[in-house]
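Let me begin by presenting the structure, written as structure tokens, before commenting on it.
The values are calculated or read from the model by the stated rules, or taken from the named source; none is laboratory data. Values in this document were obtained by computation on a predicted structure and should not be read as measured data. So basically every Cβ, Gly included, is an ideal-geometry build from the backbone, and we count neighbours across all protein chains shown. Areas reflect the complete protein model, heavy atoms only, side chains present, ligands, DNA and RNA absent. Shrake-Rupley method; radii C 1.70, N 1.55, O 1.52, S 1.80 Å.
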Amino acid sequence: ALGARYDGHPSLESVDLAIVGAWGEGAGADLLTQPTREMLVNAYLDGFQKTPLVMMLTDARTNGYAIARRDVGWRVDCLGDMGGFGNPNWSHMQDYYPQAIVNFGMRDAWKKAPVSFEACWVMQHWKDLGWNVDYIIDQSLKWHISSFNAKSSPVPAEWRPNVERWLKKMGYRFVLRKFTYPATVAPGGKLAFTSWWENKGVAPCYRRFPLALRLQGAGTAVLVTPADIRDWLPGDNLYDDAVPVPGDLPPGDYGLSLALVDPATHEPRIQLAIDGRDSDGWYKLGKIRIQ
């Protein structure tokens, strides 16, 4: 019923596949019988076909069953723990997360579904215990973090630059490196272009926001491409295409701009890590003549 009501809702970023344990954090998942495990996991997999799912790192059977059926991401709730549970020789950061990611089959899950972290205690607690925030940040980036829950607690003032660095790497960060297009195009013809993008983050975007071009002059036209930015992994990405120009667009000089847009409204939704953004969210590319 929850999936029927909310699956695919534009304001819903992901759903936590929480099945057992205190706070739904998964303790005891390894003790379930296989039929019970499958029933509980299937409730989420069947109910949410559009909205990305994440699940706790619990055990190889539960995580393995889910990812064998669907692209499912993962989350954990004790990012930052460097030995705060009474045992100086054990911590989540060094003795559980690295091993669980690999042993539970979740190493490549980030390529198709989100990875989300929650702070263990709060960041001020990390500082009070003298833990190295840059080590914690860099480990989370290595694990392809997309979002971080700080429990609505303040960042220690001295760590503000560290967290700013973190935010510029967390998730996706799209940079348009190069864009080529013709000087002229005919009404009813095709506007061919090439583009080189760099994702300077550590993860893709897990929701579809189409790449669109906008022509503005004697008339206005938004040309939506079939580009799927969910495939733009960290590093270089190329996208070349040719999009139809409306036949009724009046001849003349037009401004050409670009944006990653809402699939329903075609309004810009994603801010790029480049200059040139207009007040309406589009990025200017230059001029083109319709003739």
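Got at least one residue in region 154-167 being among the basic types (Lys, Arg), closer than 19 Å to residue 137 by Cβ and open to solvent by 40 Å² or more (accessible area, probe 1.4 Å)? Checking region 154-167: at least one residue is among the basic types (Lys, Arg), closer than 19 Å to residue 137 by Cβ and open to solvent by 40 Å² or more (accessible area, probe 1.4 Å). Evaluation of residue 195 against the conditions (1) open to solvent by 10 Å² or more (accessible area, probe 1.4 Å); (2) over 18 Å from the mean Cα position of the chain (by Cα) shows that the sole unmet condition is (1).
Quick test for you: out of 223, 215, pick the one residue that is more than 29 Å from residue 109 (Cα to Cα), without any contact (Cβ under 8 Å) to a residue 60 or more places away in the chain and crowded, with 16+ Cβ neighbours inside 10 Å.
Matching residue, one of 223, 215: 223.
Each residue in region 239-250 was checked for being open to solvent by 20 Å² or more (accessible area, probe 1.4 Å), under 26 Å from residue 279 (Cα atoms) and assigned to a loop (DSSP other than H, G, I, E, B), and 2 pass.
For every residue, the table says whether it meets (1) surrounded by fewer than 14 Cβ atoms within 10 Å (Cβ to Cβ); (2) free of Cβ contacts under 8 Å to residues at least 24 places away in the same chain; (3) of a type in the set (Lys, Arg); (4) in contact with a helix residue (DSSP H, G or I) (Cβ under 9 Å, 6 or more places away or on another chain).
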{"position": "209", "(1), (2), (3), (4)": "no, no, no, yes"}
{"position": "229", "(1), (2), (3), (4)": "no, no, no, no"}
{"position": "252", "(1), (2), (3), (4)": "yes, no, no, no"}
{"position": "268", "(1), (2), (3), (4)": "no, yes, no, no"}
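Condition test on residue 13, is it more than 22 Å from residue 68 (Cβ to Cβ) and surrounded by 15 or more Cβ atoms within 10 Å (Cβ to Cβ)? Yes; evaluated as a whole, the condition is true for this residue.
Of all residues in region 136-145, none are closer than 20 Å to residue 66 by Cα, assigned to a helix (DSSP H, G or I) and open to solvent by less than 30 Å² (accessible area, probe 1.4 Å). Taking the conditions exactly as written (touching a Gly at 6+ places or on another chain (Cβ under 7 Å) and either at pLDDT below 95 or of a type in the set (S, T, N, Q) (or both)), does residue 58 satisfy them or not? So residue 58 fits the description; yes. Taking the options 175, 222, name whichever one is under 16 Å from the mean Cα position of the chain (by Cα) and among the β-branched types (Val, Ile, Thr). Being under 16 Å from the mean Cα position of the chain (by Cα) and among the β-branched types (Val, Ile, Thr) holds for just one of 175, 222, which is 175. Within region 60-82, the set of residues being more than 19 Å from residue 118 (Cα to Cα) and either open to solvent by 10 Å² or more (accessible area, probe 1.4 Å) or out of contact with any Asp or Glu (no Cβ under 8 Å at 6 or more places or on another chain) (or both) comprises 60, 61, 64, 65, 66, 67, 68, 69, 70, 71.
From the set of residues in region 225-242 that are of a type in the set (Gly, Ala, Ser) and under 26 Å from residue 185 (Cα atoms), which is nearest to the chain's Cα centre (by Cα)?
Within region 225-242, the match that is nearest to the chain's Cα centre (by Cα) is 227.
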